[in-house]
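One structure below.
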Amino acid sequence: MSIFDSLLKSIAGSPDDVVNLAEKVGISPQMAEAAIAALGRGHQMQGDTVEHAAAQTGLDPAILNQIVGHIGGEGSLTNFAMILDRDG
């Protein structure tokens, strides 16, 4: 299980793992992991989180917004960012 699977299950009560999330939004699991990481980093920056993640990953903002919704919204991104900072 990847760190992202653990994160998805630990916040917002989300039962989705990366593979399921990727299937739901129509991208590869690797791209889903990259998107989650980019959203976590982008959340810490000034400006729009999704725009930062889109610039970093090349993913359409509509897909990134779907991911944000599936992982529990903006509040979940704060948890992701804290965990990514702690764990590197």
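The values are calculated or read from the model by the stated rules, or taken from the named source; none is laboratory data. Treat the numbers as computed from the prediction; the structure is a model and nothing was measured. As a convention, Cβ positions derive from the backbone with ideal geometry for all residues, glycine included, and neighbour counts pool all protein chains shown. Note: accessible area is taken over every heavy atom of the protein model, side chains too, but ligands, DNA and RNA are not part of it. Shrake-Rupley method; radii C 1.70, N 1.55, O 1.52, S 1.80 Å.
If the condition is being closer than 13 Å to residue 18 by Cα and at pLDDT below 90, then region 35-52 contributes 36, 37. Screening residue 67 against (1) open to solvent by 30 Å² or more (accessible area, probe 1.4 Å); (2) at pLDDT 90 or above; (3) not aromatic (Phe, Trp, Tyr) leaves a single unmet condition, (1).
Quick one: which residue in 62, 55 is under 21 Å from residue 19 (Cα atoms) and either open to solvent by 70 Å² or more (accessible area, probe 1.4 Å) or at pLDDT 85 or above (or both)? Steps first, answer last, please.
On the way: 55 fails: under 21 Å from residue 19 (Cα atoms).
Within the list 62, 55, the selection yields 62.
If you check residue 46 against the conditions, is it in contact (Cβ under 8 Å) with a residue 12 or more places away in the chain and surrounded by fewer than 20 Cβ atoms within 10 Å (Cβ to Cβ)? It is false that residue 46 is in contact (Cβ under 8 Å) with a residue 12 or more places away in the chain and surrounded by fewer than 20 Cβ atoms within 10 Å (Cβ to Cβ).
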